[in-house]
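Taking it in order: structure first as structure tokens, then the write-up.
The values are calculated or read from the model by the stated rules, or taken from the named source; none is laboratory data. Nothing here was measured: the structure is a model prediction, and the numbers come from that model. As a convention, Cβ positions derive from the backbone with ideal geometry for all residues, glycine included, and neighbour counts pool all protein chains shown. To get the accessible areas, we keep the full protein, side chains included, count just its heavy atoms, and leave off ligands, DNA and RNA. Shrake-Rupley method; radii C 1.70, N 1.55, O 1.52, S 1.80 Å.
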Amino acid sequence: MGEWSDYFEDFPEENQANYVGERFDPVGAKAHRQAQQKAVVKLRTEQQQLDAEIAAIIKKHKPVA
């Protein structure tokens, strides 16, 4: 018995990852997934920058013991 990937290669319309909304569009679906991944990376980068800024502010205003 073959793998699911083999099946989806033969019948790409059966793979739900190839749909955008209810429309079969493998190229559009791939572009959408890539855009989502880029957005996640951007969000993580921005959050790391904000976390560093918050840490710097806390350090600056922390009383000296």
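At-a-glance table
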quantity: Rg over Rh [alpha-carbon atoms, Kirkwood Rh] for the chain; calculated: 1.42
quantity: Inter-site label distance for Q16 and A35 at 7 Å from Cα along Cβ, in nm; calculated: 2.1 nm
quantity: Qualifying lysines (Cα of each under 25 Å from Cα of K30; at least 8 residues distant if same chain); calculated: K38, K42
quantity: Accessible area per residue, Å², the chain with all protein chains present, probe 1.4 Å; calculated: 95 Å²
quantity: Carbon + sulfur, % of accessible area of the chain - ligands and nucleic acids excluded, 1.4 Å; calculated: 58 percent
quantity: The chain: angle of helix 26-61 to the longest principal axis, Cα-based, in degrees nearest 10; calculated: 10 degrees
quantity: Interchain or long-range residues, amide H under 5 Å from Y19's placed H; calculated: D25
quantity: Farthest toward positive dipole pole in the chain [+1 Lys/Arg, -1 Asp/Glu at C-beta], among L43, V27, Q16; calculated: L43
quantity: Pairwise label distance in nanometres, F8 with D51, each label 7 Å out on the Cα-Cβ vector; calculated: 3.1 nm
